[in-house]
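Presented below is the structure to which this report refers.
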Amino acid sequence: MSATRPLILSPGPHLHSVESTSRIMWWVNGSLAPAVAWGAFVFGPRVLLTILGSIAGAVVAESLAARMLRRPASVGDGSAVCTGLLLSLTLPPLVPWWIAFLGGAFGILLGKMIFGGLGFNLFNPAMVGRAFLMASFPLPMTAGWAAPRPWFGAPLDAVTTPTPLTTLREHGLSAAMQSLSGHGGPWNSLLMGFRSGSIGEVSMVLIALGAAVMLVRGIIRLTIPLSVMAGLAAVTAFSGAPGLHLLSGGLWLGAFYIATDYVTSPSTQGGRIAFGLLVGVLTGVIRMFGGYPEGICYAVLLGNAMVPAFNLWFRPHRRVLAGSPS
Amino acid sequence: MVKRLVATFLRGGIHPDPHKEATRDLPVVDFPASLQVTLPLIQHLGAPAVPLVKKGDVVRRGQKIADSPDSGAPLHATISGKVKNIDRHPHPTLAISQAIVIARSAEEPLVEEEWIEDPNWQECPPAEILARVREAGIVGLGGAAFPTWRKLTLPPDARVDVLVLNGAECEPFLTSDFRLMVERPREVLEGALVIARAIDVYDVRIGIESDKGEALERMGAELRRLPASPVEISLVSCATRYPQGAEKQLVQATTGRLVPLRCLPSAVGVLVQNVATAAAVREAVRFRRPLMDLTVCVTGPGVMQPRNVRAPIGTQLQELVDFCGGSREGTSRVIAGGPMMGRSLPRLDVPLVKGMNGLVLLTGPSPYTGGYDACVHCGRCLEACPLGLEPDQVGVYVEAGRQVETETFGALDCYECGCCTYACPSHRPLVQFMQVAKSAVRRSQAAKVLKG
Ligand code: SF4
Ligand code: SF4
């Protein structure tokens, strides 16, 4: 061997999968691109400003905090962008960009960096940011629902309109379905997203597409999303509108993208089922008995608080004394 | 009988790129007889062997030159020539150890002991089999290098009814066992029959990963040619999944039995032997031929011409690499064994020792060069661990200086297969956290015993 340079001595294993945290984060961000584009189409390009504002807030907060804490710059790992992006997708379309900026910054600072950065936070930073905005700017956060583009090619109206779940809450199921009976009929408008709602939640099809990308790449497993849906379905089964609950209010965005956040969800399979069920049940309870028509945000935050307990209650099953000579 | 079911262990495991294409179709080539070999007196765990020769003695290939005083195995000359010295020499894993150096000049012919076939080898009594296996200096050739005669000496209360031969070769890159099964299936099968006889077992299962179709075919064809015997041998095609060749996992795949944690397979009535060990046992019992050569897969992106080489024990690794065209520019790591569980070597001027079945030259930085990040709790290590341990928790506890509290997360059970580290997106050195935790827990337990 041409011993030009010394051999590296390193512990095993000497091979590593190509996956890395930042690669995963950027895949998550990328898989949301169709939903972003659709949000911009249905609610008009101005929502892009809201999205960029939120991402900018998260990124600025992360780099400033990292500098203050003398930690290596971590913006490149894509997780701050992910937080900002997810937060903005849960916002009503009429929220101004600077509010989104504050939400992103607050979520990163108080939701993540004061705990020590990525990996140490207990609560989902995007949802911390959203809870902060709900408390500080209740009006735009609850009334900023822009009227959607009614169908392909139709122009945008500059009016606001309540979300299906708000209508359901205030006027009952038939009124809610009535509000959805646009061009394609209620189910079509739920799936395609020609309806009012938050920026990123409106098209189930595109959220499902992004989720499929994450599933195929092994980034998430179905455990948490299915458990969330099961929990919500169980609670809303007798409300007469479980289908509407399952298809709106940001449930899919929440179940596939927010509740599956690695850091703030359990890492054991059993823990994930329990966590998902809890989030789903809480979402249903908040929607039916609480003060918010969407509910997923607080349900996720409450679920987050239980994660350390779930990790300890649902340990991997270890076969210490199984099997015997046959 | 050929069983063509796809069997596997059921929990955890990973699918690394097998990287076997470079050498899988290359027949094993003999290393041209060396002029000098260095035979360390430590070839495996335990006390060093004691030399039976002294400087200046003339030895023949195959002559016993050192023996172990206790539970080890003897050592044999692997070339003929003169004992040049008995001194401290670099050792691949121990840094330095006493070694016997044998040298000959290029003009001298290679003189080998004569090996006469024992016509009654198939009727050899179990005690005699063990004696011949010990005398031949055979150790586990799958990498463990545990003296085989000791493994075959079962504890009196063990009731073993199945012999499992390990032909899984689940480590990426390596193809030496594969070539053995393709080229010399008869030797493996006869070795299996001998071992079965030694431990009085009539059910032999040979586990081979399903991507090694050629090995399954050749072994199956040879199996049909084998004369009828009360011992039933079956081939089990196992899923291609690391660590299929780990003892516990292979036992589950081939027999469906679960080996409890911290127990040997004999706890569920199984004994596992590597296919190469079986072939060596056959040589020892049939011809009384000691273990002198090893089949090493010299491969990896750092090798010019990867090859499967059959070389005498004691050959310098550098000579093996040169025989394979030398190393490429940019070779940064040399791994003895497979890249998942092998050890990285600081140098190549060390001899080939028993149990080394691969030499993998890797290029580029090690997976740990870029440092590692905090655990993001993704759960991949939990999914990857074949034993159901919690390396994520152990890592966090070790970082917090609380490693003595990690027994509950499985620190003592880890067999260091590396699946967790391989899968961790934060590049955390989880196997090393496990090692730190394991020794801390052991120390604190020992301290408690002393106090109480
Ligand atoms: S190295 Fe240990 S903890 Fe990691 S996967 Fe293997 S057995 Fe499990
Ligand atoms: S794979 Fe790594 S990051 Fe994921 S849970 Fe395990 S230790 Fe944490």
> With respect to B:Val298, is the statement that it is under 28 Å from B:Thr148 (Cβ atoms), at pLDDT 95 or above and not aromatic (Phe, Trp, Tyr) true?
Replying inline: yes
Filtering region A:60-82 down to residues that are crowded, with 22+ Cβ neighbours inside 10 Å and in contact with an Asp or Glu (Cβ under 6 Å, 6 or more places away or on another chain) yields A:Ala80
Is at least one residue of region B:19-42 within 14 Å of chain A (Cβ to nearest Cβ) and within 16 Å of ligand 1 (Cβ to nearest atom)?
-> no
Pairing a residue in region A:55-68 that is closer than 24 Å to A:Thr90 by Cα with any residue that is outside any helix (DSSP H, G or I), where Cβ atoms lie under 7 Å and the two sit 6 or more apart in sequence or on different chains, gives A:Glu62/A:Ser74; A:Ser63/A:Ala73
Checked A:Leu85, A:Leu94, A:Leu133 against criteria (open to solvent by less than 10 Å² (accessible area, probe 1.4 Å) and either touching a residue at least 24 places away in the same chain (Cβ under 8 Å) or not small (Gly, Ala, Ser) (or both)); the one match is A:Leu133
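Scan region B:102-112 and give yes if some residue there is assigned to a helix (DSSP H, G or I), under 29 Å from B:Val350 (Cβ atoms) and modelled with pLDDT of 90 or more, otherwise no. Explain how you work it out, then say what you get.
Initially, region B:102-112 is screened for residues assigned to a helix (DSSP H, G or I), giving none.
No: zero hits.
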Flagged in region B:284-333 as among the β-branched types (Val, Ile, Thr), more than 17 Å from the chain's Cα centre (by Cα) and within 14 Å of another protein chain (Cβ to nearest Cβ), in numbering order, are B:Val303, B:Val321, B:Thr331
Got at least one residue in region B:180-191 being under 30 Å from B:Tyr422 (Cα atoms), within 14 Å of chain A (Cβ to nearest Cβ) and open to solvent by 10 Å² or more (accessible area, probe 1.4 Å)? no
Per the filter on region A:200-225, residues assigned to a helix (DSSP H, G or I), among the small types (Gly, Ala, Ser) and open to solvent by less than 40 Å² (accessible area, probe 1.4 Å) are A:Ala208, A:Gly210, A:Ala211
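Condition check ((1) touching a residue at least 24 places away in the same chain (Cβ under 8 Å); (2) open to solvent by 30 Å² or more (accessible area, probe 1.4 Å); (3) away from chain B (no Cβ under 14 Å)) across all residues:
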{"residue": "A:Pro11", "(1), (2), (3)": "no, yes, no"}
{"residue": "A:Thr21", "(1), (2), (3)": "yes, no, no"}
{"residue": "A:Trp26", "(1), (2), (3)": "yes, yes, no"}
{"residue": "A:Ala35", "(1), (2), (3)": "yes, no, yes"}
{"residue": "A:Trp38", "(1), (2), (3)": "yes, yes, yes"}
{"residue": "A:Gly44", "(1), (2), (3)": "yes, no, yes"}
Only one of A:Leu87, A:Leu94, A:Leu133 is at pLDDT below 90 and not assigned by TED's automatic domain parsing to the domain that holds A:Ala255, namely A:Leu94
Those strands (runs of 3 or more DSSP E) completely within region B:1-97 that have 3 or more residues that are in contact with a Ser or Thr (Cβ under 9 Å, 6 or more places away or on another chain) and open to solvent by 20 Å² or more (accessible area, probe 1.4 Å) are B:2-7, B:81-91
Selection over region A:272-308 where residues are closer than 20 Å to B:Gly410 by Cβ and at pLDDT 95 or above yields a count of 1
From the option list B:Leu264, B:Leu250, single residue qualifying as open to solvent by 10 Å² or more (accessible area, probe 1.4 Å) and aliphatic (A, V, I, L, M) is B:Leu264
Those residues of region B:192-238 which are crowded, with 17+ Cβ neighbours inside 10 Å and of a type in the set (Lys, Arg) amount to B:Arg197, B:Arg205, B:Lys212, B:Arg218
Counted residues in region B:253-283 being closer than 17 Å to B:Leu235 by Cβ and within 20 Å of the chain's Cα centre (by Cα) come to 10
Restricted to region B:220-274 and to residues being away from chain A (no Cβ under 14 Å) and among the polar types (S, T, N, Q), the residue farthest from B:Leu174 (Cα to Cα) is B:Ser229
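Hey, among B:Pro90, B:Pro74, B:Pro147, B:Pro126, which residue is out of contact with any helix residue (DSSP H, G or I) (no Cβ under 9 Å at 6 or more places or on another chain), at pLDDT below 95 and in the same structural domain as B:Asn274 (by TED's automatic domain parsing)?
When all the criteria are applied, what remains is B:Pro90.
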Considering residues that are more than 10 Å from ligand 2 (Cβ to nearest atom) and either surrounded by fewer than 23 Cβ atoms within 10 Å (Cβ to Cβ) or closer than 16 Å to B:Tyr397 by Cα (or both), the number found within region B:412-428 is 5
Per the list (1) open to solvent by 10 Å² or more (accessible area, probe 1.4 Å); (2) under 16 Å from A:Thr90 (Cβ atoms), residue check on A:Val285 breaks on (2)
Filter region B:146-162 for residues that are open to solvent by less than 10 Å² (accessible area, probe 1.4 Å) and more than 14 Å from chain A (Cβ to nearest Cβ); the one that is nearest to B:Ala280 (Cα to Cα) is B:Thr148
Selection from region B:329-347 of residues open to solvent by 10 Å² or more (accessible area, probe 1.4 Å) and hydrophobic (A, V, I, L, M, F, W, C) yields B:Ala336, B:Met341
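The values are calculated or read from the model by the stated rules, or taken from the named source; none is laboratory data. Here the structure is a predicted model, which means the values were calculated and not measured. As a convention, Cβ positions derive from the backbone with ideal geometry for all residues, glycine included, and neighbour counts pool all protein chains shown. Protein only, heavy atoms only, side chains kept; ligands, DNA and RNA dropped before computing areas. Shrake-Rupley method; radii C 1.70, N 1.55, O 1.52, S 1.80 Å.
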